[in-house]
1. Please work out which one of (1) open to solvent by less than 60 Å² (accessible area, probe 1.4 Å); (2) in contact with a strand residue (DSSP E or B) (Cβ under 9 Å, 6 or more places away or on another chain) is the condition Val49 fails and give its number.
2. If only one of Asn70, Asn23 is out of contact with any strand residue (DSSP E or B) (no Cβ under 8 Å at 6 or more places or on another chain) and at pLDDT below 95, which one is it?
3. When the stretch 17-32 is examined, which residues are found to be β-branched (Val, Ile, Thr) and surrounded by 17 or more Cβ atoms within 10 Å (Cβ to Cβ)?
4. Determine, yes or no, whether Lys35 is open to solvent by 100 Å² or more (accessible area, probe 1.4 Å), at pLDDT 95 or above, out of contact with any His (no Cβ under 8 Å at 6 or more places or on another chain) and of a type in the set (Lys, Arg).
5. Starting from the stretch 29-53, take each residue that is under 15 Å from Asn70 (Cβ atoms) and in contact (Cβ under 8 Å) with a residue 24 or more places away in the chain and list its partners that are in a strand (DSSP E or B) and among the acidic types (Asp, Glu), counting only C-beta distances under 9 angstrom and pairs at least six apart or across chains.
6. In the stretch 1-30, which residues are outside any strand (DSSP E or B) and farther than 20 Å from Lys60 by Cα?
Amino acid sequence: MTCFMCKGDMKDGFTTYMEDLGNCIVIIKNVPCKKCSQCGEVSYSGTVVKQIERIIDNLKNSLTEVAIVNYSAKVA
């Protein structure tokens, strides 16, 4: 697979995903991804995106300002 930004090689890896929901910042660690070895661009599979959405939906109404979760613990 080649990077759509720079055409570099995309390699399997892990990244940290962050999203600001307004009332809460969600940080998901160790998210599986494809990462460009040249520019660092990240892309996710459809399955991973669904899991990220599920994790965020579960945390939307939390009473905390910052939520940090481990992807593999939430998927298992």
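The values are calculated or read from the model by the stated rules, or taken from the named source; none is laboratory data. This is a predicted model, so every value here is computed, not measured. Positions of Cβ are generated from backbone atoms using ideal geometry, with glycine treated the same way; all protein chains shown enter the neighbour counts. In case anyone asks, the SASA skips ligands and DNA or RNA and just uses the protein heavy atoms, side chains included. Shrake-Rupley method; radii C 1.70, N 1.55, O 1.52, S 1.80 Å.
1. Looking at each condition in turn, Val49 falls short on (2).
2. On the way: Asn70 fails: out of contact with any strand residue (DSSP E or B) (no Cβ under 8 Å at 6 or more places or on another chain).
Going through Asn70, Asn23 in turn, just one is out of contact with any strand residue (DSSP E or B) (no Cβ under 8 Å at 6 or more places or on another chain) and at pLDDT below 95: Asn23.
3. Quick first cut of the stretch 17-32, residues β-branched (Val, Ile, Thr) only: 25-28, 31.
Once the filter is applied, which keeps residues that are β-branched (Val, Ile, Thr) and surrounded by 17 or more Cβ atoms within 10 Å (Cβ to Cβ), the stretch 17-32 yields Val26, Ile28, Val31.
4. Working: open to solvent by 100 Å² or more (accessible area, probe 1.4 Å): no; at pLDDT 95 or above: yes; out of contact with any His (no Cβ under 8 Å at 6 or more places or on another chain): yes; of a type in the set (Lys, Arg): yes.
Taking the combined requirement at face value, the residue does not satisfy it.
5. Pro32/Asp12; Ile52/Glu19
6. Step one: filter the stretch 1-30 for residues outside any strand (DSSP E or B), giving 1, 3-8, 21-24.
Met1, Cys3, Phe4, Met5, Cys6, Lys7, Gly8 - these are the residues of the stretch 1-30 that are outside any strand (DSSP E or B) and farther than 20 Å from Lys60 by Cα.
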